[in-house]
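My questions will all concern the structure given below.
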Amino acid sequence: MEHQKNFDKEQPKEKEFVEKLVKLNRTAKVVKGGRRFSFAALTVVGDKKGRVGFGFGKANDVTEAIRKSVDRAKRNLITIPLKNGTIPHEVQAQYKGSSVLLMPACSGTGIIAGGSVRAIMEAAGATDVMSKSLGSNTAVNVVRATFEACKGLMDARTIAKNRGKTLNDLWG
């Protein structure tokens with residue numbers, strides 16, 4: 001009976017993250033007996049409270065590739081400072097050929113973004129964000145550019161602390 005209680009406690013812990021598959025790629029290697037397929041999965045995980053991460057996994061089986069990418073995504077989580085369901089300020093970031101522009105939006109706008117950026121913002125818990133993807137639209141590079149942009153976001157408390165002031169001094 002005690003074992004059953006421990007199992008019940010672990011069940012909600014597994015579902016604390018929302019997992020979204022951004023891209024699944026199949027590659028073929030031609031061998032003597034025919035073609036051998038392998039799979040690469042790009043996933044995004046988030047807790048809908050501002051923490052989000054991405055992972056890339058490769059395997060000979062689809063489920064194994066997805067499992068690997070989800071594990072890697074859970075290992076590199078970042079925190080996005082969300083305020084009233086949107087980001088605090090406009091930010092642009094670039095990774096290789098992809099560039100992503102994120103803009104705050106007023107309440108009720110929704111997430112206006114393409115597939116990769118939309119998956120990240122939904123997993124993070126943002127409800128109102130506008131974005132524009134510029135340059136290359138390779139899924140992996142767009143995801144990395146979006147994460148670079150999210151790392152560049154700062155909230156008022158962080159800025160005040162860095163300047164050595166209080167929030168009241170900052171806002172006047």
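The values are calculated or read from the model by the stated rules, or taken from the named source; none is laboratory data. These numbers come from a predicted model, not from an experiment. We place every Cβ from the backbone using ideal geometry, glycine too, and count neighbours over all the protein chains shown.
Tell me, yes or no, whether the range 141-152 has at least one residue that is surrounded by fewer than 21 Cβ atoms within 10 Å (Cβ to Cβ), not in a helix (DSSP H, G or I) and not assigned by TED's automatic domain parsing to the domain that holds F54.
yes
Take the residues of the range 36-57 that are touching a Lys or Arg at 6+ places or on another chain (Cβ under 7 Å) and of a type outside the set (A, V, I, L, M, F, W, C): which is farthest from A124 (Cα to Cα)? Steps first, answer last, please.
Step one: list which residues in the range 36-57 are touching a Lys or Arg at 6+ places or on another chain (Cβ under 7 Å), which gives 36-40, 42-45, 53, 55-57.
Those left that are additionally of a type outside the set (A, V, I, L, M, F, W, C): 36, 38, 43, 53, 55, 57.
Values: R36: 36, S38: 30, T43: 13, G53: 9, G55: 15, G57: 21 Å.
If we take residues in the range 36-57 being touching a Lys or Arg at 6+ places or on another chain (Cβ under 7 Å) and of a type outside the set (A, V, I, L, M, F, W, C), then R36 is farthest from A124 (Cα to Cα).
A follow-up question, please. Of (1) closer than 30 Å to F37 by Cα; (2) hydrophobic (A, V, I, L, M, F, W, C); (3) out of contact with any Asp or Glu (no Cβ under 7 Å at 6 or more places or on another chain), V70 satisfies all except one. Which?
Of (1) closer than 30 Å to F37 by Cα; (2) hydrophobic (A, V, I, L, M, F, W, C); (3) out of contact with any Asp or Glu (no Cβ under 7 Å at 6 or more places or on another chain), only one is false for V70: (3).
Specify the residue that is surrounded by the most Cβ atoms within 10 Å (Cβ to Cβ); the eligible residues are those in the range 69-116 that are in a loop (DSSP other than H, G, I, E, B) and hydroxyl-bearing (S, T, Y). Break it down into steps so the answer makes sense when it comes.
Kept after step one, since they are in a loop (DSSP other than H, G, I, E, B), are these residues of the range 69-116: 76, 80-82, 84-85, 87-90, 96-97, 105-110, 113-114.
Narrowing the set further to residues that are hydroxyl-bearing (S, T, Y) leaves 107, 109.
Numbers: S107: 10, T109: 15.
Of everything passing the filter in the range 69-116, T109 is surrounded by the most Cβ atoms within 10 Å (Cβ to Cβ).
Hey, any hits in the range 28-38 for a residue that's modelled with pLDDT of 95 or more, among the β-branched types (V, I, T), over 14 Å from K68 (Cβ atoms) and in contact with a Ser or Thr (Cβ under 9 Å, 6 or more places away or on another chain)?
no
Considering only residues of the range 122-132 that are under 19 Å from K20 (Cα atoms) and out of contact with any Lys or Arg (no Cβ under 6 Å at 6 or more places or on another chain), which is surrounded by the fewest Cβ atoms within 10 Å (Cβ to Cβ)? Spell out how you get there, then give the answer.
Step one: list which residues in the range 122-132 are under 19 Å from K20 (Cα atoms), which gives 122-129, 131.
Checking which are out of contact with any Lys or Arg (no Cβ under 6 Å at 6 or more places or on another chain) leaves us with 122, 124, 126-129, 131.
Numbers: E122: 19, A124: 24, A126: 26, T127: 17, D128: 19, V129: 25, S131: 23.
Looking at residues that are under 19 Å from K20 (Cα atoms) and out of contact with any Lys or Arg (no Cβ under 6 Å at 6 or more places or on another chain), I get T127.
Could you tell me which of the residues A105, A119 is touching a Lys or Arg at 6+ places or on another chain (Cβ under 6 Å) and of a type in the set (A, V, I, L, M, F, W, C)?
Numbers: A105 fails: touching a Lys or Arg at 6+ places or on another chain (Cβ under 6 Å).
Going through A105, A119 in turn, just one is touching a Lys or Arg at 6+ places or on another chain (Cβ under 6 Å) and of a type in the set (A, V, I, L, M, F, W, C): A119.
Now a separate question. In the range 20-35, what residues are over 13 Å from I120 (Cβ atoms) and either part of a loop (DSSP other than H, G, I, E, B) or touching a residue at least 24 places away in the same chain (Cβ under 8 Å) (or both)?
Once the filter is applied, which keeps residues that are over 13 Å from I120 (Cβ atoms) and either part of a loop (DSSP other than H, G, I, E, B) or touching a residue at least 24 places away in the same chain (Cβ under 8 Å) (or both), the range 20-35 yields L24, K32, G33.
Moving to a separate point now. Out of all the residues in the range 149-172, which are over 29 Å from S131 (Cβ atoms) and modelled with pLDDT of 80 or more? Before the answer, list the steps.
As a first pass, look at the range 149-172 and keep what is over 29 Å from S131 (Cβ atoms): 164-166, 168-169, 172.
Residues satisfying the conditions are G164, K165, T166, N168, D169.
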